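Below: one structure, written as structure tokens.
The values are calculated or read from the model by the stated rules, or taken from the named source; none is laboratory data. Quantities reported herein were computed from a predicted structural model and do not represent experimental measurements. Cβ sites come from the backbone with ideal geometry, for glycine too, and all protein chains shown count toward neighbours. Accessible surface areas use protein heavy atoms only, side chains included; no ligands, DNA or RNA. Shrake-Rupley method; radii C 1.70, N 1.55, O 1.52, S 1.80 Å.
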Amino acid sequence: MTEATATVPMPLTNRRVLAVAVPIVLSNATIPLLGVVDTGVIGQLGSAAPIGAVGMGAVILASIYWVFSFLRMGTTGLVAQAHGAGRNTGVHLMRALVIGLGAGALFIATQWLWMRAAFALSPASPEVEALARQYLQIRIWGAPATIALYAVNGWLIGAERTRAVMVLQLVITVTNIVLALWFVLGLAWGVPGVAAATLVAEWAGLALGLWLARHAIVPALRRADLFARDQMVRFARVNSDIMVRSILLQGAVTAFMFLGAGLGDVTLAANQVLLQFLQITAYALDGFAFAAETLVGQAVGAGRPASVRRAAVLTSQWALAGAALLAVAFWVGGGPIIDLLTVAPDVRGAAREYLPWLAAVPLVGVAAWMLDGVFIGATLTAEMRRAMMAAVGLYVVAVVVLMPVMGNHGLWAALTILNLTRAVMMYRLYPAAERAALANA
């Protein structure tokens, strides 16, 4: 669908939802494979320390990168609304790209500072810290590519070009898998090999993404209002709210990893293995959340409140079905998956002990993820921020109360409480999404 046809209403049917969601589900389901491959390849070395190092390094980088996930979410919401209203969308992409590339360059320049801070907060063993530092010193050179890719993906999703998203992610995933196997198992580079493989994959992905978006980038560069004050104010407002929300969420996940590290290298490695289940769940169900962003955003831009509700309901029904399937799969097949990811007996045993929490994650988290999609499409970013603040507050209380009594089980319980609180808070604020569409009618 092009901008010229964006003003023509398209029926909101299950078939359209799947046409938007399935390519995103497939592409997002491959994203955790990057972590799974890294963990699985390093797991063949038979030691807990390299697994924990790769996990810690990946979490530290994710903490940095996901602060800028607002570029993906904010761009999707703004592009979808502009698409639904029949307006130009390329300007939103260019604004996000400038921020993404600049932020990546800044993190390269200041790597010594944030690495020092990250390891000061981490109680990991000296062996894990040394390996994690090697990993980070290589991976950080992919920061501009990774952050800029948020902007590209946001534009593709908002413009309903989800097949292009799938192609882009498949290229990144396959490149990473092939190079990781070669560098680690073939060339015996160890942890640095895992980092180098991911670095090459990140830059290859950005190159392809810019090519896919070339038809939007070139016309946007010619526009005199590319950085118009009123548009930049709105861009800043939407993205700053999402940035705060992302910092809070990623802070909770990072704290989870660091607190787990304080329980020993085996628990740290077990949590890292189990986090791959969480990543698979989030990315798979986010495919339907992304569809909600697109379809709700277009309905808001076109001023159709009834379509906002229909988009929210249809996408959520499919997400709930997917969550049920994932829960069953994790309950039945979780043990064999753990065995594939690590050969260390102590890590396998610890991961199995906490596996029931991961079997419950899809059903517990689906409401929060879907409401995220609705709110992003409607650009209700201030409401998202407030909901996350309340959820993180309860998460901190749960950690303080439950972890001394339940140990790592208490840590997983606190993470579950975080998702439940987010869902309840956003459900209460949902009517604002339909009011946003009514304002454009």
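When you count the other C-beta atoms within 10 angstrom of each residue and take the mean per peptide, 291-297, 58-64, 319-325 line up highest first as 291-297, 58-64, 319-325. Take region 150-261 with all the other protein chains still there, run a 1.4 Å probe, and you get 44 Å² of accessible area per residue.
Across region 75-226 the C-alpha pair distances fall into 10 Å bins from zero in the proportions 11, 32, 30, 19, 8, 1 percent. Going toward the positive end of the dipole of the chain, with +1 on Lys and Arg Cβ and -1 on Asp and Glu Cβ, which of Ala299, Thr315, Trp331 do you reach last? Result: Ala299, furthest along the dipole toward the positive end. Ranking Pro356, Ala437, Gly193 by how far each Cα lies toward the positive end of the dipole of the chain (charges on Cβ) leaves Ala437 at the top.
Under the simplified labelling scheme, the Ala306-Leu113 pair shows an inter-label distance of 5.5 nm, with each label point 7 Å from Cα along Cα→Cβ. The Cα trace of the chain gives Rg and Dmax of 21.0, 62 Å, the first to one decimal, the second as a whole number.
What a 1.4 Å probe finds exposed on the chain is 70% carbon and sulfur by accessible area, rounded to a whole percent. Take region 263-357 with all the other protein chains still there, run a 1.4 Å probe, and you get 36 Å² of accessible area per residue. Across region 139-244, the mean sequence separation of Cα contacts (distance under 8 Å, 6 or more residues apart), normalised by length, yields a relative contact order of 32 percent.
Shown here are the Rg and Dmax of the Cα trace of region 283-441, at 18.2, 61 Å. Summed over all non-identical Cα pairs, the Kirkwood treatment of region 184-243 gives a radius of 15.2 Å. Calculate the translational D of region 50-139 in whole µm² s⁻¹ from Stokes-Einstein, where the hydrodynamic radius comes from the Kirkwood formula applied to all Cα pairs, the temperature is 37 °C and the viscosity 0.692 mPa s. Using the Kirkwood radius from Cα pairs, D works out to 218 µm²/s. The equivalent ellipsoid of region 358-441 has semi-axes of 30, 13, 7 Å, largest first, where each one is the square root of 5 times an eigenvalue of the Cα gyration tensor. The residues Thr267, Thr76, sorted by heavy-atom accessible surface at 1.4 Å with ligands and nucleic acids left out, run Thr267, Thr76 from largest to smallest.
Report, in order of residue number, the helices in the chain meeting two criteria: a C-alpha extent of 18 Å or more along the helix axis, and a mean Kyte-Doolittle hydropathy of at least 1.6; treat each whole DSSP H run as one helix. Both cut-offs are met by 48-65, 90-109, 162-180.
What is the extension gain from Asp339 to Ala360, computed as 0.36 nm multiplied by their sequence separation minus the C-alpha to C-alpha distance, in nm to one decimal?
Result: 5.6 nm gained on full extension.
For the listed peptides 251-264, 226-239, 144-157, 300-313, a ranking on the average number of other beta carbons within 10 Å per residue, highest first, reads 144-157, 300-313, 251-264, 226-239. Helix content alone sets the calculated 222 nm mean residue ellipticity of the chain: runs of n ≥ 4 DSSP H residues at -39500 (n - 2.57) each, divided across all residues, give -29500 deg cm²/dmol. Subtracting the Cα-Cα distance of Gln317 and Arg229 from their residue separation scaled by 0.36 nm leaves 27.7 nm.
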